[in-house]
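Accompanying notes for the structure given below.
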Amino acid sequence: LCRLLRHGSLQTRLLAKESLGSRLFQSSPAINQSVVCCGSTVNQSTHKLSGCRQFHTSIQRNDENESMPDPETGWPKLKEEKEWLDYNKIVYPPQKPGDPKRPAEICHLRKHIKYSPKKLWYHALMIRGMSVDEAIKQLSFQKHKGAHIIKETIEECQEIAVKDHNVEFKSNMWVEDSFMKQSAIVKGFRIMGRGRGSRVRYRYVHYFLRLREGKPPKHYYPPPETGYEKMENYIKDQRKRRIFLAL
């Protein structure tokens, strides 16, 4: 099999790689917990392979924030995920009579999305400060995969708000926070002609979302200064000037 992986045709290499992977998984259930490379020991001194350096089954964890794999998904579970969802468990003290109603805030996230972080960043940035209905409307016109993923995440967060956080109207919310973070990077191998090959990186991302009850603000980002404000700031800066080591 290792000779076929090296010197065989493209179809022969793919078949040999599949048969090698199935044999490895049938022979030992503990292979999933270790790196498998031909020519090195596989988790035990009894499992040895030689000749092939293209096969591996484990996920490398280089981030300090990563812990053991999540039993539900099998992926490394980050500390930020747990901390982000802990915002939903905050219990505030009771309000006094006459105090304004405290708006509800609901945090939600979508983990391990098979999508490029640079592409998802544009859609996450676009909907900040929008109402929920306006964000869903704008994302519905986008043809990209990331826009539909964010749209589904917003709809899930709406259901959680009504079901678990006593929000009366699911449309009476706006997007307070919307950002993403790099997740695992799975490295693969692309077989090319004439015995060549190249490395392929399959990137995954986490998407974080926070909705706040009420109407959206007029300006999410600070508005640009007008001409009069620029003039006043310039005059203040000029009057603050001092001569160093002067009387």
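For this structure, a couple of remarks:
- Scanning region 186-196 for residues that are outside any loop (DSSP other than H, G, I, E, B) and open to solvent by 70 Å² or more (accessible area, probe 1.4 Å), we see that the one that is nearest to His206 (Cα to Cα) is Lys187.
- One residue from Asp133, Asp99 being modelled with pLDDT of 95 or more, on the phi < 0 side of the Ramachandran plot and open to solvent by 40 Å² or more (accessible area, probe 1.4 Å): Asp133
- Residue within region 206-214 that is more than 22 Å from Lys89 (Cβ to Cβ) and open to solvent by 40 Å² or more (accessible area, probe 1.4 Å) present: no
- Members of region 107-140 that are among the charged types (D, E, K, R) and closer than 12 Å to Thr153 by Cα: Arg110, Lys111
- Scan of region 101-132 for residues that are assigned to a strand (DSSP E or B) and over 13 Å from the mean Cα position of the chain (by Cα), ordered by number: Glu105, Ile106, Cys107, Ser131
- Candidates Ser171, Ser178, filtered to the one that is among the polar types (S, T, N, Q), in contact with a helix residue (DSSP H, G or I) (Cβ under 8 Å, 6 or more places away or on another chain) and in a strand (DSSP E or B): Ser178
- Criterion violated by Ala161 - all others in (1) within 29 Å of Lys114 (Cα to Cα); (2) open to solvent by less than 50 Å² (accessible area, probe 1.4 Å); (3) touching a residue at least 60 places away in the same chain (Cβ under 8 Å) satisfied: (3)
- Search result, residues across region 215-225 that are open to solvent by 100 Å² or more (accessible area, probe 1.4 Å) and touching a strand residue (DSSP E or B) at 6+ places or on another chain (Cβ under 8 Å): Lys215
- With respect to (1) surrounded by 10 or more Cβ atoms within 10 Å (Cβ to Cβ); (2) on the phi < 0 side of the Ramachandran plot, the lone exception for Tyr228 is condition (1).
- Scanning region 151-203 for residues that are more than 16 Å from the chain's Cα centre (by Cα) and small (Gly, Ala, Ser) turns up Ala161, Ser171, Gly188, Gly193, Gly195, Gly197, Ser198.
- Within region 83-100, considering residues that are in a helix (DSSP H, G or I) and among the charged types (D, E, K, R), the one farthest from Asp164 (Cα to Cα): Glu83
The values are calculated or read from the model by the stated rules, or taken from the named source; none is laboratory data. Since the structure is predicted, the reported quantities are computational estimates derived from the model, not experimental observations. Note that each Cβ is placed from the backbone with ideal geometry, even for glycine, and that neighbours are counted across all protein chains shown. Surface accessibility is based on the protein's heavy atoms, side chains included, excluding ligands, DNA and RNA. Shrake-Rupley method; radii C 1.70, N 1.55, O 1.52, S 1.80 Å.
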